[in-house]
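Read the structure below first, then the notes.
The values are calculated or read from the model by the stated rules, or taken from the named source; none is laboratory data. These numbers come from a predicted model, not from an experiment. Here Cβ is always computed from backbone atoms with ideal geometry, including for glycine, and neighbour counts include all displayed protein chains.
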Amino acid sequence: MGCGKIAGQVGHACVLAYHYGDKDKIRMWMIGGVQKKIVLKVPDKLTLWARGGLAESAGIKVQKVVDLGLTQVEPNTTTCIAIGPDEDEKIDKITKGLSLL
């Protein structure tokens, strides 16, 4: 995906995380004034799904972005996921070892 497409997909993930996330954790995320968002890369879709599964198993909300396939990817492609918001320590355990995009 190109830079613009990636930015759009990450934007979708943020909106989904805010809309469907745990309301108490979102409230704390908003009150904190930072609304931390960190964009990481994965080597392949299996790693993306595995990290999402680990987060769900840890009780962290995960939102999947599934693209319609109108531009750069095939229809029904999961392009990214949002993990959280939640406690930094919990998310760090899931994302450990991944590089910044």
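Here are a few things to note about the model shown:
- Close contacts from segment 55-79, counting a first residue that is within 30 Å of Lys90 (Cα to Cα) and without any contact (Cβ under 8 Å) to a residue 40 or more places away in the chain and a second that is acidic (Asp, Glu) and assigned to a loop (DSSP other than H, G, I, E, B), with Cβ to Cβ under 8 Å and a gap of 6+ residues or different chains, come to Ile60/Asp86.
- Yes/no for Glu56 being of a type in the set (Asp, Glu), outside any strand (DSSP E or B) and loosely packed, with under 12 Cβ neighbours inside 10 Å: no
- When Thr78 is tested against (1) at pLDDT below 95; (2) not in a loop (DSSP other than H, G, I, E, B), just one condition goes unmet, and that condition is (1).
- In segment 1-53, of all residues being among the aliphatic types (A, V, I, L, M) and crowded, with 16+ Cβ neighbours inside 10 Å, the one that is modelled with the lowest pLDDT corresponds to Ile26.
- In segment 1-22, of all residues being of a type in the set (Gly, Ala, Ser) and touching a residue at least 12 places away in the same chain (Cβ under 8 Å), the one that is farthest from Gly69 (Cα to Cα) corresponds to Gly21.
- Total residues in segment 24-44, condition in a helix (DSSP H, G or I) and either closer than 14 Å to Leu98 by Cβ or touching a residue at least 60 places away in the same chain (Cβ under 8 Å) (or both): 1
- For segment 59-101, residues that are among the small types (Gly, Ala, Ser), surrounded by 11 or more Cβ atoms within 10 Å (Cβ to Cβ) and more than 14 Å from Ala17 (Cβ to Cβ) total 1.
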